[in-house]
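Worksheet: one structure, shown below.
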Amino acid sequence: MTYLFELAPVPVLEMTDGSARFPVGRIFCVGQNYAAHAREMGFEPQRDKPIFFTKSASAVCLSGSTIAYPPGTANCHFEVELVVALGRPAFRLPAAEALSVVAGYGVGIDLTRRDLQNAARDKGHPWDTGKDFENSAVLAPLTLADRFGAPGAQRITLSQNGEIKQDADLAQMIWSVPELIAELSQLYHLAPGDLIYTGTPAAVGPIAPGDRLVGSIEGLAELTLTIADPD
Ligand code: MN
């Protein structure tokens, strides 16, 4: 049996201790999970239900990369986020048990074509072209959960060309990591390899060719990304 064309490789993340590598399955993302960011997007923060959306595994971009400024946008934004990497299955899991399925944590950037996202949002259309595009799921190497501990008040920052733009702590999340896993596990049979982008704090902003972005979370490996001219 042959394939009609070459089988696409599964994206793989390094672990900071070099112990093993993490093959990426699905990518779930959370919207408006920090109150100040919800407000800057024009919404009142809410605790009704978390806002979930997805990105394709083909959107993965590894830390250290240089990427072309994305096509089809004049307002592409950085969003630094804690990314949770699942190492065990989870279905209808209570929040109290949810951290037991986490293999590791990493720093991510949810690159967003804000102009396309907002235009879709205003018409009640899907966000996909604003969120799920090539190189939009930027990921640093993962740190084992045991080594990181539990997400608490660790500082999260994003700097652009050496200037800190986003600066918050993980305790400001509206939905905690265990709550997010529990909620998602009501909707999906979560599996090893699945990632969860847990939302961005306030002060998102536009990127430009020539930019160097650095995402940091206390206790995790730093993420770097360089933006080049468009294709
Ligand atoms: Mn985001």
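The values are calculated or read from the model by the stated rules, or taken from the named source; none is laboratory data. Quick caveat, the model's predicted, so the values are computed rather than measured. Backbone-built Cβ (ideal geometry, glycine too); neighbour counts: all protein chains shown. Calculation scope for accessible area: heavy atoms of the full protein, side chains included, ligands and nucleic acids excluded. Shrake-Rupley method; radii C 1.70, N 1.55, O 1.52, S 1.80 Å.
Criterion applied to Asp167, Asp115, Asp194, Asp122 was being closer than 24 Å to Met15 by Cβ and acidic (Asp, Glu), and the one residue passing it is Asp194. Inspection of region 113-129 finds a residue satisfying the criterion of being in contact with a His (Cβ under 9 Å, 6 or more places away or on another chain), within 16 Å of the ligand (Cβ to nearest atom) and open to solvent by less than 10 Å² (accessible area, probe 1.4 Å). Of all residues in region 99-127, those that are touching a Lys or Arg at 6+ places or on another chain (Cβ under 9 Å) and outside any strand (DSSP E or B) total 6.
Pairs meeting the criteria (first residue in region 92-111 and under 22 Å from Ala140 (Cβ atoms) and among the acidic types (Asp, Glu), second residue assigned to a strand (DSSP E or B) and open to solvent by 30 Å² or more (accessible area, probe 1.4 Å), beta carbons under 6 Å, at least 6 apart or on different chains) are lacking.
Here Ile109 meets the list (1) more than 13 Å from the ligand (Cβ to nearest atom); (2) closer than 24 Å to Asp169 by Cα almost entirely, failing just condition (1).
Go through region 63-77 and give me each residue that's part of a strand (DSSP E or B) and surrounded by fewer than 17 Cβ atoms within 10 Å (Cβ to Cβ). Ser65, Thr66, Ala68, listed by residue number. When each of Thr143, Thr200 is tested for being at pLDDT 95 or above and farther than 18 Å from Thr16 by Cβ, the lone residue that passes is Thr200. Return a yes/no flag: does region 175-195 have any residue that is open to solvent by less than 70 Å² (accessible area, probe 1.4 Å), assigned to a strand (DSSP E or B) and in contact with a strand residue (DSSP E or B) (Cβ under 6 Å, 6 or more places away or on another chain). There is at least one residue in region 175-195 that is open to solvent by less than 70 Å² (accessible area, probe 1.4 Å), assigned to a strand (DSSP E or B) and in contact with a strand residue (DSSP E or B) (Cβ under 6 Å, 6 or more places away or on another chain). Applying the selection to region 196-213, what residues are more than 17 Å from the chain's Cα centre (by Cα) and assigned to a loop (DSSP other than H, G, I, E, B)? Within region 196-213, Ala208, Pro209, Gly210, Asp211 qualify.
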